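Here, each number is a calculation from the coordinates, and none is a lab measurement. Just so it is clear, the model here is predicted, and its values are computed rather than measured. So basically every Cβ, Gly included, is an ideal-geometry build from the backbone, and we count neighbours across all protein chains shown.
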Amino acid sequence: MDQSVASAAATRPTERTGAFSWYGELSRDERRTFFACFSGWALDALDTQMYALTIPTLIALWHMSTGQAGILGTAVLIMSALGGWLAGMLSDRIGRVRVLQITIIWFSTFTFLSGLTNSFEQLLFTRSLQGLGFGGEWAVGAVLISEVINPRLRGRVVGAIQAGWAVGYGIAVLLSTVLFSYLPPEYAWRVFFFTGFLPSLAVLWIRRNVKEAPIYLEARERAKTDGHASLLDIFRDGHFGTTFKASMLTTGIYGGNYVMITWLPAYLKMSLGLSVLNVGGYLAVNILGSFCGAFVNGFLADRIGRRRTFITCACLQAAAVAVYTLAPITSAATFLLGFVLGTLQSGTAAGTGAFLAELFPTRIRGTAQGFTGNSGRAIGSIFPSLVGFLSATVPLGVAMGICAISAYVVVVLFASLLPETRGRDLRSMTVAPAARVQ
């Protein structure tokens, strides 16, 4: 072990209690890595959610069908899967930090270019390429933070990263509310996408302050003699079953969440008839819940285990979605239930970063996490597209409810089939998956 890392570990205080006490136990390098990954995920959300917030405007201006809108949402998610696979394999070769920088610049640039498009086909092209960076940033950031953080704190710290999504989404909602309130719609959506280039500035800070995890540096040295991992390695040496089940778990998680993330703004405006300002208020409550849910997940994952947390959150989220989209509830109930939806939505997804990292050895971790996390994105991206096509024959809320609930059933099934990994030491995972931790 690196001497400075060993010294930092030796001087850590004993475990404290409190929702955010874990932060005080992090070393300086761990905190910098945390903020790099947190901000990267927030900026990812900012750029990605811009499209969801402009769907109603583009439908009106370009006379797009809901089916075309769904295709645009699905395309970026499918490409994000490819981006995650590529970035994961590349991170095993040239480093997590370097690839993190590349992906942030990539998705920022193509978000900006989306503001210059003039047709469905053009936007499909730029959004698809934006997805490469979107998926790559998540895959690499999740591996980097998981390898840096102490196993005892990993669930809470990596779960807290998910709160960055809520922060980025919140900034996107705030920007859209201001821009669409003061600018004509035909200009507002373009300016909105132009602001998506700003996240690239974060790369300057990351280059100066974030270091590679010692565990990765050790694995890279071994790779000089043992060879680098390939995509096929995640299907060999007993990894096939884990790879398949983990991919299906993320399929359910992202499938259900993408239904709500993609279609909730349109549902509030087109089905409930809310104004731009009211949509912003309803989404703000949902986003606040999403922020809180990330910390709830981290706490539960370190206390009751990864599997139980996934199953509990998915079951509760399926029930909340059913009430929100299928039951005749009042406006006040819809407003308040938005907080619950956000909490459980984030609570279901926040644990994927730590869990996937704990399932695979260091030599193939980037490749495996990039594949399993983003194959889930690719397959899960079918769900919001299905909503678009189903809404041509049934109300939008009904289509959203059916697709989201079906996805959360998949989460419960495959979470129950995977091993518990709470507290797993990543250094012990050199060749094959470590023994199950009770």
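Largest GNM mean-square fluctuation across A368, A266, A87, computed for the chain with C-alpha springs under 10 Å, falls on A266. Cβ crowding within 10 Å ranks R93, R207, R365, R127 as R207, R93, R127, R365, fewest other Cβ atoms first. Our helix-only sum for the chain, with -39,500 (n - 2.57) per DSSP H run of n ≥ 4 divided by its residues, gives a mean residue ellipticity at 222 nm of -25500 deg cm²/dmol. Taking the number of Cβ atoms within 10 Å of each Cβ as an exposure proxy, the fewest-first ranking of F240, F120, F360 is F240, F120, F360.
Charged side chains reduced to their Cβ positions (Lys and Arg at +1, Asp and Glu at -1) give the chain a dipole of some 680 debye around its Cα centre.
The modelled label-to-label distance between V323 and L61, using points 7 Å beyond Cα along the C-beta direction, is 3.8 nm. Under a crude label model (7 Å from the Cα following the beta-carbon direction), how far is V191 from M270 in nanometres? Each label point lies 7 Å from its Cα, and together they span 2.5 nm. Computed from backbone phi, the HN-Hα couplings of the range 307-318 come to 4, 4, 5, 4, 5, 4, 5, 5, 5, 5, 5, 4 Hz, rounded to whole numbers (Karplus: 6.51 cos²θ - 1.76 cosθ + 1.60, θ = phi - 60°; Gly and Pro given as x). Ordering V387, S247, A354 by the projection of their Cα atoms onto the charge dipole of the chain, which places +1 on the Cβ of Lys and Arg and -1 on the Cβ of Asp and Glu, puts A354 at the extreme positive end. Label-to-label distance, R98 versus Y182, with points set 7 angstrom from Cα along the beta-carbon direction: 4.3 nm.
Taking only the Cα atoms of the chain, the ratio Rg/Rh comes out at 0.96, with Rh defined as the Kirkwood radius. Once the Cα-Cα distance is subtracted from the 0.36 nm per residue extended length, the L288 to Y23 segment shows a gain of 93.3 nm.
For the range 27-428, relative contact order (Cα pairs under 8 Å, six or more residues apart, normalised by length) works out to 29 percent.
Measuring r between the beta carbons of A333 and V394 and using R0 = 30 Å, the FRET efficiency lands at 0.85.
List M270, M260 from most exposed to least, where exposure is judged by having the fewest other Cβ atoms within 10 Å.
M270, M260
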